[in-house]
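Here the structure is laid out as structure tokens; the discussion comes afterwards.
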Amino acid sequence: MRRNIFSVISILSLMITFFMFGYDSTKWYGSFFNFLYDLSIFTPLVLGGLGIISAFLGIKGDIRMVLIVLNAFLLFLFLGAYLIGIYGFQNP
């Protein structure tokens, strides 16, 4: 039962992180993601880390591997975007 809960936490973290990448603030769900970004700009990184950790503790097998790979992919995608945004757009 505990492993199922960790897998569900990982799936929810993956979904929220995925939708944070391409949300539209003019839609009905935009206020929720604006709230998450208002908490911290690094919220997707925290959610990605939480998703990876809970996937390690979740159901064994192919589900675990898929959740780890997808959460890690989104984590590195956001990390790359943040590094470009922080260090790439500085004035020369």
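The values are calculated or read from the model by the stated rules, or taken from the named source; none is laboratory data. Everything numeric here is computed off the predicted structure, so don't read it as measured data. So basically every Cβ, Gly included, is an ideal-geometry build from the backbone, and we count neighbours across all protein chains shown. Please note that ligands, DNA and RNA were not included when accessible areas were found on the heavy atoms of the full protein model with its side chains. Shrake-Rupley method; radii C 1.70, N 1.55, O 1.52, S 1.80 Å.
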Inset, instruction - List every residue pair whose Cβ atoms lie under 6 Å apart, where the two residues are 6 or more positions apart in sequence or sit on different chains, the first residue falls within region 24-44 and is among the aliphatic types (A, V, I, L, M), and the second residue, located anywhere, is assigned to a helix (DSSP H, G or I). - result: L36/T43
Legend entry - Residue pairs meeting the criteria (Cβ under 8 Å; at least 6 apart or on separate chains; first at pLDDT below 90, in region 65-92; second aromatic (F, W, Y) and in a helix (DSSP H, G or I)): none
Legend entry - Selection within region 37-61 - crowded, with 18+ Cβ neighbours inside 10 Å and either among the aromatic types (F, W, Y) or assigned to a loop (DSSP other than H, G, I, E, B) (or both): G58
Inset, instruction - Might you let me know whether region 1-19 holds any residue that is under 16 Å from L79 (Cβ atoms) and modelled with pLDDT under 90? - result: no
Legend entry - Residues that are open to solvent by less than 50 Å² (accessible area, probe 1.4 Å) and among the hydrophobic types (A, V, I, L, M, F, W, C), drawn from region 62-80: L67, I68, A72, L74, L75, F78
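Hey, among F21, F6, F56, F32, which residue is aromatic (F, W, Y) and under 11 Å from the mean Cα position of the chain (by Cα)?
Working: F6 fails: under 11 Å from the mean Cα position of the chain (by Cα); F56 fails: under 11 Å from the mean Cα position of the chain (by Cα); F32 fails: under 11 Å from the mean Cα position of the chain (by Cα).
Answer to the selection: F21.
In region 21-36, which residues are open to solvent by 50 Å² or more (accessible area, probe 1.4 Å) and either touching a helix residue (DSSP H, G or I) at 6+ places or on another chain (Cβ under 7 Å) or part of a helix (DSSP H, G or I) (or both)? Before you say what the answer is, go through the steps one by one.
Filtering region 21-36 for residues open to solvent by 50 Å² or more (accessible area, probe 1.4 Å) gives 21-29, 31-32, 34-35.
Listed by number, the residues that qualify are F21, Y23, D24, S25, S31, F32, N34, F35.
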Inset, instruction - Can you tell me which residue within region 37-53, out of those that are within 14 Å of I9 (Cα to Cα) and hydrophobic (A, V, I, L, M, F, W, C), is nearest to the chain's Cα centre (by Cα)? - result: L47
Legend entry - Index of the failed condition, F18 passing every other in (1) open to solvent by 20 Å² or more (accessible area, probe 1.4 Å); (2) assigned to a loop (DSSP other than H, G, I, E, B): (2)
